[in-house]
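Every read-out reported here was derived from the displayed coordinates using simple, explicitly stated rules and does not represent laboratory data. All figures in this text were calculated on a predicted structure; none of them were measured in a lab. Cβ coordinates were reconstructed from backbone atoms using ideal geometry, including for glycine residues, and neighbour counts include every protein chain displayed.
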Amino acid sequence: MRGKLVAGNWKMNGSLESIRGLMDGIKQGIGSVQGAAVAVCPPAIYIPEVARLIEGTDIRLGGQNVCDEDEGAYTGEISASMLKEFGCAYAIVGHSERRSLYGESDALVAKRFAAARRCGLIPILCVGELLEEREQGITEQVVGRQLDAVLELEGIAAFADAVVAYEPVWAIGTGKTATPEQAQDVHAFIRAKLAAVDRGIAENLIIQYGGSVKGANAAELFSQPDIDGGLIGGASLKADEFLAICQAAG
Ligand code: 13P
């Protein structure tokens, strides 16, 4: 049976001093989290430091993106093997900020997903619609297209070692969370779409919700049948808030 996973996506925030304080706080409270796996995804340059800070704990580590190529002349990129070498278990791919601000296409995201898996990293594939797409009633079409790009390149088997994060773009950093019902509907759509290809893989797939999750709304979101934890932005930068979310998932 699939478990629950809460991952903090720190985005481009923090300093050596602030991440040490944050990790101190998380480590102090992590004992109170049961029944959910916890991961943090720092800016890449801080990964070695966070790897050191989580030694001896069950906290897992992830990258915020990964190159689609394994090595070579790709200035500014970080390969899956580099993330792996510094202790990462996960790599986020296809975050909406990468898609919209840096022009990453569905096809490129699928290649990044594949590169993570080639190296034994678990990709966290972000999908989600823009506000205008929701208003046009094409949420399922958009999310379906984002999933299809990966299905076509990698096949359904790839989802046995992957996580999907549904992040409606209009809910990210806006304080406007999707209602538990809105989120559940899309999560159920994602699971059903994959179940139509392979039921077992779809049933075991962790599907996280992301978008303005905080301590106060996490429990209700995570109690939905197809919501298996969260990908947390702003609230993952405060130890107490992040721990409250992790507890709600447990
Ligand atoms: P917020 O939790 O800040 O809305 O961000 C969500 C997100 O983008 C996580 O990847």
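Annotations
- Between the amide H of G63 and those of Y90, A91, I92, distances stay under 5 Å, these residues lying 5 or more places away or on another chain, with hydrogens modeled in the peptide plane.
- Each residue of the stretch 131-136 was assigned a 3J(HN,Hα) from its phi angle through the Karplus expression (A = 6.51, B = -1.76, C = 1.60, θ = phi - 60°), giving 4, 5, 5, 5, 5, 7 Hz with x at Gly and Pro.
- Computed over the chain with a Gaussian network model linking Cα atoms closer than 10 Å, the most mobile of A157, A89, A235 is A157.
- Our helix-only sum for the chain, with -39,500 (n - 2.57) per DSSP H run of n ≥ 4 divided by its residues, gives a mean residue ellipticity at 222 nm of -12500 deg cm²/dmol.
- Fewest-first ordering of I172, I138 by other beta carbons within 10 Å of each residue's beta carbon gives I138, I172.
- Taking other C-beta atoms within 10 angstrom as a stand-in for reagent exposure, C119, C126 fall in the order C119, C126, fewest first.
- Among F159, F242, F189, sorting on how many other beta-carbon atoms sit within 10 Å of each Cβ, with the fewest leading, yields F189, F159, F242.
- Set of lysines near K238 by C-alpha distance (under 30 Å), chain-local residues within fewer than 8 positions excluded: K4, K11, K27, K84, K176, K214
- Listed residues L61, L16, L237, most fluctuating in the chain (Gaussian network, C-alpha, under 10 Å): L16
- Gain on full stretching of the segment that runs from D148 to E203 - 0.36 nm per residue minus C-alpha separation: 18.0 nm
- Derived scalar couplings between HN and Hα for the stretch 226-232 equal 10, 9, 10, x, x, 10, 10 Hz in order, rounded to whole Hz, by the Karplus curve 6.51 cos²θ - 1.76 cosθ + 1.60 (θ = phi - 60°), x for Gly and Pro.
- In this structure, the amide hydrogen of G229, modeled 1.01 Å from its nitrogen in the peptide plane, lies closer than 5 angstrom to those of L5, Y209, counting only residues at least 5 positions away or on a different chain.
- Built amide H within the under 5 Å cut-off of L125, gap 5+: V93, V163, V164, A165
- Karplus-derived 3J(HN,Hα), 6.51/-1.76/1.60, for each residue of the stretch 33-40, Hz, glycine and proline x: 9, 10, x, 9, 7, 10, 9, 10
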